[in-house]
Each structure stands twice: as structure tokens, then as C-alpha cells.
1. Only one of these is within 24 Å of E451 (Cα to Cα) and of a type in the set (D, E): E539, E549, E511. Name it.
2. Kindly check whether there is at least one residue in the range 181-189 that is surrounded by fewer than 20 Cβ atoms within 10 Å (Cβ to Cβ) and within 30 Å of V435 (Cα to Cα).
3. Restricting attention to the range 109-121, does a residue exist that is surrounded by fewer than 17 Cβ atoms within 10 Å (Cβ to Cβ) and of a type in the set (A, V, I, L, M)?
4. Got a number for residues in the range 465-492 being surrounded by fewer than 16 Cβ atoms within 10 Å (Cβ to Cβ) and within 51 Å of the chain's Cα centre (by Cα)?
5. Just one of A250, A215, A192 is more than 30 Å from L322 (Cα to Cα) and small (G, A, S); which is it?
6. Can you name every residue in the range 42-70 that is surrounded by 14 or more Cβ atoms within 10 Å (Cβ to Cβ) and touching an Asp or Glu at 6+ places or on another chain (Cβ under 9 Å)?
7. I need a count of the residues in the range 158-188 that are closer than 20 Å to E105 by Cβ and either free of Cβ contacts under 8 Å to residues at least 12 places away in the same chain or assigned to a helix (DSSP H, G or I) (or both).
8. In the range 189-230, which residues are assigned to a loop (DSSP other than H, G, I, E, B), closer than 13 Å to P124 by Cα and touching a residue at least 60 places away in the same chain (Cβ under 8 Å)?
Amino acid sequence: MQIRKVICTVMGHVDHGKTTILDRIRNTVVAKSEPGLITQAIGVSIIPIEAVRKICGKLLDALNVKITVPGLLFIDTPGHAAFTALRKRGGSLADIAILVVDINEGSMPQTVECIEILKAFKTPFVVAANKIDLIPGWKKQSDLLLENIEKQDARVIGEFEGKLYELVAKLNEFGFNADRFDRVRDYTKEIAIVPISAATGEGVAELLMVLIGLAQRYLEESLKCNLDGPAKGTVLEVKEEKGVGITVDAIIYDGHLKINDTLLVAGLDDVIVTKVRALLEPAPLAELRLGKKFQRVKEVKAATGVKIVAPMLERAVAGMPLRSCKPDEVDAVKEELMKEVEEVLIETEKVGVIVKADSLGSLEAVAKLLREKGIPIKRGSVGEISRKDVAEAIANLGVDPLYGVILGFNVGVAKDVSVPSQIKVITSDIIYKLVEKLEEWQEAVRKAEEEKEFAKLVRPCKVEILRGYVFRQSNPAIVGVSVIEGVLRPNTPMMRVDGKSVGYVKGIQSEGQNIEKAEKGKQVAISLPDVIVGRQVKEGDILLSDVPEDDFRKLKRLKKFLSKEEIELLKEIAQIKRKKNPIWGI
């Protein structure tokens, strides 16, 4: 077993400086060539250990650190979403991550997204608090970060520390203890924050030292791999290249891959079995997506980024696992790959949300966050929202309206699919926003369903039969009443204070007009079928709504819709009922 390169993903809010940090390390100008200076595709950079030694020279000498890892493999993700495509079985492909945050802007929506994903995948990470050079009054006075901080004006240091502890507070909201890297006592319990400036280079050496130190101390076991064994990797992107056709950009995280090797790539429905025709590797310090810097190689060893040329790759999907094997092992590896995909292409619950995502890794990330929230998933798969998804959601409606919903992460509805109005489609390119929108929608549905249920229940109500206002003695009895508490509605069953039933209110009139409800303080005429005034009821009697026991239990559950007075009245009704039946409504 040998130690492979450390796989490190760089993630964070758009325009917080992810690519610029890598530019500083690579001494290139990739960021300046990007449209709008925003990374447009996944980049993979191979950083040889010699480059790390060159950047960290003074620190290595000062700290007497011995580097044992062979280098770093950096993955630069656009914004936040692509990180979710980077997976291997059981979690994140990355060994460690750098969360880049503009120290002046602080936490932004995609910062929150990244923290949620890192937490879900349990990926260790450090925070690069970038753009310290933009703090008003900041001056670069030393190459070593801590010396430079000490040389700043006291006012500047105060502002710097304030911004730093805003970051500490934000991470604390997510359950992470954090502090500036030189103040961290236990790296297993605290997140290290490294203040940096990608523009001036301040802190970049310290950032690399923290990364390598953490990897060598805590991740050594996971970095061990058999470089002579079969390749294990993940598809990052599927794209067409001029002159060679459809290719896949992949990360090989275990073993090695050679030209003419049998290659298996998991698809949505089956496994692609093909042969490697060519391997194109980015030059050291270059990126996988910059085509002019490819070099043809006969084999690659973990950990590396590589462009694979092979037949039938048009059916490959981002986030899918790939393997190389001997020809006689194809069936066994095929079965293993399909099992891995089935673990993520979820069909588990009898009722639950329908989830669609743009890659297998994205689907896994969405599923993790939904499960953390206790939200069941009926079916999850990769690709656009299809007719089958709509049919599954419609089937859910009959069981529970809370699950008549389809979630789409980075995907939309296929053009030939019509979604009926009763089915809710929620899409977003930010996972936590997707989950937030789902929870808001479910809460609205839940409230509407409860209101519908509440409207059918017998509500607590108390009235007094007014003296001198008996309009008809019987058949039906019509009397004037004053509503003392609650709301009186037609069809409300009534009882006396001794619990004796007096039928129900057939109708309510006010000033000769039929009305649907009479609230507290209102005086109205009511009709009571099968009641004779002077026998079942008398003038001056107090009547209460005769709430059925089942309605009482439901009203207790839905008491948020009742006023304080109605809740007290409900207790009074229960006390009357419990004189005859001590466990009534319990």
C-alpha cells in the first residue's frame, strides 16, 4: 500500500475567490480568463509536492515539518453545486475541503449550502477567510501571515478580529467550534480558519501547511491505496472533444488505469463496458478543463484527474462510479457497480417525496439532507422530471397530500411532460433552498388540510336563551339567544349545563336574514327541532355546544385555531361530560 495525493475540493459562494486561490498556488491566470471571472466548469489541478515546498519554504524550515504526502489534487467547483457530484461509495470523494469565504462579505447563501453539504458528508474542512487585503487600512508588511497581522494598525486589527469572529459565530450555528488556525488547540474538535489574500499571497503558505498537516496527521489511513490495483474513480463531466468524440473527465482515487484496460462505467439503467483508447492528463499545475495543456499518457495512478477516451461514453452520467478490471472479472464488477448505484437511486418508502437531480452525487447529497430533516423519499433518480415521476406524485396524493410533490435539483421538467395543477414541482440549484421551499410548501399544505378538518368540527360555544324572546314554542322551537362565548353555527348540537342534550341548531337568523355564524356578543334567533320551550329548555337557560368526543380530541390537537376563550370553554364542556364519564375525551 502506498500514500496517494490528497484530494482537496475548493468550494464557497460565487466570487469569493476560489479560483484565484488556486491561481496563486498554480501561478496561473485561470480566473482572469473566466467569463465574468466566475468558474464555469469543474477544474482539476495536480499540485506536485515540489510546488508545495516552493510556496511553503520558509514555514517548512521554521516549523521543521517533513512532508510525506506525494502532492495535492485540487478540485475547483463552480459555486457550490458541483461538489455534490464528487462522490465515492459512502460519502464525499474529497479527503478534505477548503471553504472559501470573503471575510468582508461573510456568510452568503452558497456558503450555507457548502456547510450543509460538508456536514452531511462528514467531510473535514478548513476555512480560507479570503480578501483580507480589502479590509480598510490593511497593508502587506511581511510574507508570514501572523507577523503581518501583528504589524497592522490597532484599528485594522480590531476590524479584522471582528470579521473573523462573525465567521466563528456562523460556524457555531451549524454545530462547529472554530477559531483562527494558530489558536486551535485540538484540530479534531475545532475548525481552523486561515485568513488569506489570494490577490497578495498572504496566508496561502499557511493554508497549504494546515491542509498537509491535517492530512498527514488524521487522514493517512484513508490516503493509503494500492497503486498497482484496478482503478476506482468517479465521472466528473461528460463532454465532446474535437477529434476524439465523447470523453469523460474523471478522478481516479484508487489504483491505476492504462490504455486498453477494460473500463466499466455505471449508467442509469445498466453498466457501460468499454476499452480505454486514450488517456489525457493535465500537466502539473494545469487544469483538466484547459484542453491545450493535456498530455497523452499510457497510464495514470491515484490520485489524479484524467480525461478518458473510449467508445460508448455518451451514456455516462456525472457522479457515476467507474472501475477497471480484468476481462474475466467484468460480471462481478458490473454487479458491484449496479449495487452502488441502486443504493443512491432510491425507491424505499411507500409514500414520500419524489427527488430528481443532475448527478448521482447531487442525488445523494439531497437525500442526506432530506433524511436529516426526517422527510421520507419514495423515489430518487438522475435526470429531468419525467412522466413516471408525475405518476408517482399523483399516487402519493391519494395517501398523503404532503407528498404530492417533486423536487428537482439542477434539473427541470422534460419538454414532453405535463404536470397537473394538483402536483407541486419545486426546483432549485441550492440544496438547502430546495429543502426550505419543500418545508414551507408542506407547512402551507398541512395548515390548509388542518383548516379543512377544523371547519368540519363542532366548535365550543355558549349561549343564553333570552327572556321574552320565545318566537315559537315548538316544531321547531324558535328562540332569541345571546352568544356568550365562541361562535355559533348552524347544525351545532346543543346541551344544557347538566349535560342533557337538546338537539341541534337548525338555522340562525339576524334581522330576518339567514346567517352562517354568530360570534360572541351577537343576539340572534335560532331554531331547535324536536324541542319544546318549557320542557327541554326554558327562558334564561344556558346552552353549550354538545361537542362529540372524537371532535373534542381533534380540537385539542388543532387548538392553535381556537381563541383562549374557546379553549377555556372547551375545558368547561369536558368537565360537564366527565361528571357522567370520568375518562371522556382522554
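1. Exactly one residue qualifies, and that residue is E549.
2. Within the range 181-189, one or more residues are surrounded by fewer than 20 Cβ atoms within 10 Å (Cβ to Cβ) and within 30 Å of V435 (Cα to Cα).
3. Checked the range 109-121: no residue is surrounded by fewer than 17 Cβ atoms within 10 Å (Cβ to Cβ) and of a type in the set (A, V, I, L, M).
4. Going through the range 465-492 one residue at a time, the tally reaches 1.
5. A192
6. I42, G43, V44, S45, I46, C56, L59, V69, listed by residue number.
7. Qualifying residue count, the range 158-188: 16.
8. Listed by number, the list holds a single entry, L219.
The values are calculated or read from the model by the stated rules, or taken from the named source; none is laboratory data. Since the model is a prediction, treat every value here as computed from it, not as a measurement. With ideal geometry, Cβ positions are generated from the backbone for all residues, glycine too; neighbour counts draw on all protein chains shown.
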